[in-house]
Amino acid sequence: MLVVTLLLSLIVVPVFADDVVPIEPLFPPPSAETGEMVDETPQLWFVELSSAPTADGTNLAALKAEKAAFRVNAKKAGLVYTERYAFDTLFNGFSISITTDQLGKLNRMAGVKNIYPVETIAMPVTTPSEPELFTSLAMIGADVAQSELGYTGMGVKVAVMDTGIDYDHQAFGGDGVARSNSTVFPTARVAYGYDLVGDAFNADSTSPSYNPVPTPDLYPDDCYGHGTHVAGIIGANDLTNGLKGVAPDVTFGSYRVFGCEGSTTADIMIAAMERALADGMQVLNMSIGSAYQWPQYPTAMAANRLVNKGMVVVASIGNNGANGLYSAGAPGVGDKVIGVASYDNTNVMLPYFTVNGWKIGYITMTFSPNPPTAGTGEIVNVGLACSALPAGSLTGKVAHAVRGTCSFAIKATNAINAGAVAVLISNNAPGVFNGTLGGPLDGITPVVGISQADGNFLNTQTAPITLTWTDQMDSFPSPTGGLISSFSSYGLSPDLALKPDLGAPGGNIYSTYPLELGGYTTMSGTSMSSPHVAGAVALLLQARPRTSSQAVRGILQNSSVPKNWWGGPTYGYLDNVHRQGAGMVQIDKAILATTMISPAKIATGEGAAGPFTQVLTLKNNGAEAVSYNLSFVNALSTGGVINPGFYTSNASVSFSATSVTVPAGASASVTATINPATGPTYGQYGGYIVFTPQGGGQVYRVPFAGFVGDYQGIQALTAGPVAEAPMPWLALLYGGSYYQLTDPTDWTFTMQGSDIPFFLVHFEHQARLFRIEIFSQNGKAWHRAYNEEYLGRNSTSTGFFAFPFDGTTLAGNKTYTVPDGTYYAKISVLKALGDASNPADWETWTSPLFVIDRP
């Protein structure tokens with residue numbers, strides 16, 4: 001029978017060991033769960049061919065021959081596709097566009113090593129504001145590196161793959177004249193670059209301006225703003241207002257992969273990487289990426305090859321913190337890429353009003369009209385304001401309520417009904433906050449949130465208390481400054497590699513913006529943290545020009561400093577290693593460091609394997625011997641597969657010696673044995689090995705992280721969006737919707753157009769191998785319909801992928817067309833890091849019978 005879908009959620013309840021304690025955050029973590037059934041099947045695909053690309057040594061002629069053979073075979077097989085890009089240097093293969101019903105045929109093509117989805121990457125949303133102090137430089141020591149050490153990135157070439165750069169901006173040596181698609185290129189500071197897409201390009205198929213066809217021009221200018229903001233963080237040098245980036249004298253390459261709005265695609269990213277390599281760039285910043293992917297994803301592999309070619313690659317780890325664990329994105333998960341997490345800036349730029357000369361910053365609540373920019377009002381304290389206030393008691397006045405007990409909307413409504421012309425709601429916890437009214441109220445009265453401290457200040461003033469609105473903004477301390485940003489993605493990588501690698505400020509960052517759009521703005525995202533690190537790399541390369549691209553990440557990690565847990569900064573726990581990596585980058589300390597420790601991070605793998613032993617080598621580049629005391633500190637663990645719970649850790653580290661002495665100009669080694677945490681279920685644990693110099697000096701750290709227990713204990717295939725009709729499904733696509741089939745009498749497939757069987761699968765976790773085999777009703781094998789490697793997980797517990805079966809299968813190099821008849825499919829999934837020879841590491845599902853009867 002046909003099953004109609006109901007939208008229900010799947011809940012995972014973690015279990016933990018007796019000596020591992022759950023810790024609740026002060027505020028719940030954000031969640032992207034909506035309960036809605038979402039088809040996440042892509043329409044664009046990378047096709048990886050058999051040989052390695054030229055960057056790995058393959059002859060170009062051989063690669064051209066492989067591509068020619070693919071095109072011939074595709075034509076013979078009747079594969080209907082559109083070729084988008086052909087790659088030779090950093091990836092061997094194509095990106096193509098095909099309809100879903102062609103996917104099985106593509107998967108079986110001779111010469112195809114694997115296929116990967118070409119992810120669509122949305123352009124981040126921005127909010128313009130006025131200039132503020134560029135406080136994030138001090139958070140990473142860039143102010144010291146510039147003012148005391150004298151490094152500015154001079155002579156270092158930094159590529160920015162993004163929306164372009166406004167090279168007319170005075171911060172990049174331009175003349176300060178606003179121009180759209182400026183022809184004043186190249187310039188002294190933006191000396192390299194390429195527009196790969198054109199203004200009208202937009203890969204977002206849901207947008208009214210959807211236009212997936214690139215039409216590049218000669219000018220990698222910026223008509224959106226994200227790239228200009230990123231470039232400003234790396235290297236702005238604005239003589240008009242003193243704004244400086246991390247490395248204000250770098251030379252830029254602008255590689256434009258976005259149009260003026262919408263999204264781009266991962267294949268265009270690889271094309272841009274190849275351009276940057278051809279231009280001899282030394283550092284590449286990519287503040288974009290594809291979430292939930294393996295290190296084998298094409299953009300990650302291409303980025304690794306750039307590092308092998310001498311380019312340092314820095315990439316944001318992603319803004320998918322609300323999507324839970326294992327959400328880190330490619331290329332940031334690449335083995336040799338510096339994957340960057342985000343911390344909130346110490347200061348945030350806010351509009352303000354004044355009371356007795358005191359500036360009070362505020363955030364206008366969602367659905368509230370904007371406050372006035374001039375005028376005065378008398379403030380009246382109304383307490384919680386959860387009950388009706390006397391009619392007329394606030395006529396012409398500004399109500400001051402306190403957060404708590406009831407909703408913001410109830411407080412504001414009660415004040416408005418009593419005649420208030422504006423409503424202030426002060427926080428009941430430290431810091432200012434961003435609240436919502438849930439919907440419009442009267443459309444006239446502004447409602448704003450202020451900090452607890454400012455609310456307390458108002459309560460100490462003598463009545464009448466007069467408020468003066470202004471049109472000004474100023475910098476105010478952020479209550480979350482120095483803590484991991486709520487949006488920053490979680491690791492680990494699906495192969496349990498330690499990701500992210502380190503972090504930098506990314507929340508509430510002020511930087512440059514296209515002149516046509518105002519010149520400056522504040523933005524948030526790992527998009528903003530990554531360029532802080534790219535700028536830091538430029539400073540390091542200027543200070544140490546012989547540093548290899550392979551060594552840079554470790555040098556930065558050794559000197560980074562981990563931060564406390566966002567969920568309770570005063571609790572004394574360090575935030576998850578799989579959320580912040582080595583910690584906040586400290587470029588001044590990295591430049592001054594005389595000791596290098598390798599490896600600079602430790603992935604301990606599965607706890608079920610027992611203690612993990614690692615030899616750590618210390619190299620002393622200083623003029624005197626140094627002795628270090630060894631210790632360790634645990635960070636918080638997480639439990640769960642997608643939605644995280646937080647726990648203390650009982651991991652421990654023992655050392656072959658309690659201290660180690662490293663002679664000047666020499667090396668020494670010490671062995672660390674890491675005993676894994678024993679809980680919680682599906683846990684990720686981590687901590688830091690600490691090297692403290694005897695007699696004082698710079699402290700170094702090496703992060704470690706791993707999985708609690710047996711990693712293959714995670715179930716990859718789970719029920720998905722409909723608990724009472726759990727996936728996988730045998731499904732019919734009819735009228736644009738999928739319907740579950742449970743009996744061969746439900747439907748007969750004609751195999752014409754989209755009238756073919758679909759298999760809907762929800763991946764709760766990444767899978768190493770996915771296979772579909774077809775059998776006739778009597779059990780005769782009709783070989784494989786799919787055999788895909790390195791599949792990413794779904795973004796939420798209600799997402800799924802659809803795999804169509806077009807009636808053909810593959811065995812070796814031979815293709816078969818199954819005759820009319822009755823069949824079933826067997827889906828097999830090899831779990832992440834699973835042993836293909838161990839049946840326990842596989843999950844299988846057998847479909848109901850289905851009937852094929854061609855006309």
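The values are calculated or read from the model by the stated rules, or taken from the named source; none is laboratory data. These figures come from a predicted structure and were not determined experimentally. Cβ coordinates were reconstructed from backbone atoms using ideal geometry, including for glycine residues, and neighbour counts include every protein chain displayed. Areas reflect the complete protein model, heavy atoms only, side chains present, ligands, DNA and RNA absent. Shrake-Rupley method; radii C 1.70, N 1.55, O 1.52, S 1.80 Å.
Quick look at the values:
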read-out: Hits in segment 158-181 (condition: surrounded by fewer than 24 Cβ atoms within 10 Å (Cβ to Cβ) and not basic (Lys, Arg)); value: Gln170, Gly173, Gly174, Asp175, Gly176, Val177, Ala178, Ser180, Asn181
read-out: Residues that are open to solvent by less than 30 Å² (accessible area, probe 1.4 Å), closer than 19 Å to Ser287 by Cβ, of a type in the set (A, V, I, L, M) and assigned to a helix (DSSP H, G or I), drawn from segment 492-551; value: Met528, Val533, Ala534, Ala536, Val537, Ala538, Leu539
read-out: Residue under evaluation Ala385, criteria (1) free of Cβ contacts under 8 Å to residues at least 60 places away in the same chain; (2) surrounded by fewer than 17 Cβ atoms within 10 Å (Cβ to Cβ); (3) not polar (S, T, N, Q), criterion not met; value: (2)
read-out: Residue match in segment 737-756 (condition: open to solvent by 10 Å² or more (accessible area, probe 1.4 Å), part of a strand (DSSP E or B) and without any contact (Cβ under 8 Å) to a residue 60 or more places away in the chain); value: yes
read-out: Sole exception among (1) modelled with pLDDT under 95; (2) farther than 29 Å from Ala723 by Cβ for Ser737, by number; value: (2)
read-out: Residue that is most open to solvent (accessible area, probe 1.4 Å), among those in segment 764-787 that are free of Cβ contacts under 8 Å to residues at least 40 places away in the same chain and over 26 Å from Tyr116 (Cβ atoms); value: Asn778
read-out: Any hit, segment 416-428, residues being closer than 28 Å to Thr480 by Cα, at pLDDT below 95 and within 36 Å of the chain's Cα centre (by Cα); value: yes
read-out: Checking Leu458 against (1) open to solvent by less than 20 Å² (accessible area, probe 1.4 Å); (2) at pLDDT below 90, the condition it does not meet; value: (2)
read-out: Ile360 modelled with pLDDT of 95 or more, in contact with an Asp or Glu (Cβ under 6 Å, 6 or more places away or on another chain) and not assigned by the TED database to the domain that holds Val312; value: yes
read-out: Selection within segment 625-649 - open to solvent by less than 40 Å² (accessible area, probe 1.4 Å), in a loop (DSSP other than H, G, I, E, B) and modelled with pLDDT of 95 or more; value: Leu636, Thr648, Ser649
read-out: Counted residues, segment 821-844 - those being buried (at least 17 other Cβ atoms within 10 Å of the Cβ), hydrophobic (A, V, I, L, M, F, W, C), under 34 Å from the mean Cα position of the chain (by Cα) and not in a loop (DSSP other than H, G, I, E, B); value: 4
read-out: Top-ranked residue in segment 276-289 [being farther than 22 Å from Ile233 by Cβ and either touching a residue at least 40 places away in the same chain (Cβ under 8 Å) or part of a loop (DSSP other than H, G, I, E, B) (or both); ranked as nearest to the chain's Cα centre (by Cα)]; value: Leu277
read-out: Condition met for Val761 (open to solvent by less than 40 Å² (accessible area, probe 1.4 Å), within 18 Å of Trp845 (Cβ to Cβ), in contact (Cβ under 8 Å) with a residue 40 or more places away in the chain and in contact with a Pro (Cβ under 6 Å, 6 or more places away or on another chain)); value: yes
read-out: Leu810 being crowded, with 18+ Cβ neighbours inside 10 Å and under 20 Å from Ala716 (Cα atoms); value: no
read-out: Test: residue in segment 323-341 that is under 26 Å from Pro477 (Cα atoms), crowded, with 24+ Cβ neighbours inside 10 Å and at pLDDT below 95; value: no
read-out: Residues of segment 351-376 classified as open to solvent by 10 Å² or more (accessible area, probe 1.4 Å) and part of a strand (DSSP E or B), total; value: 9
read-out: Any hit, segment 673-696, residues being more than 22 Å from Gly607 (Cβ to Cβ) and at pLDDT below 95; value: yes
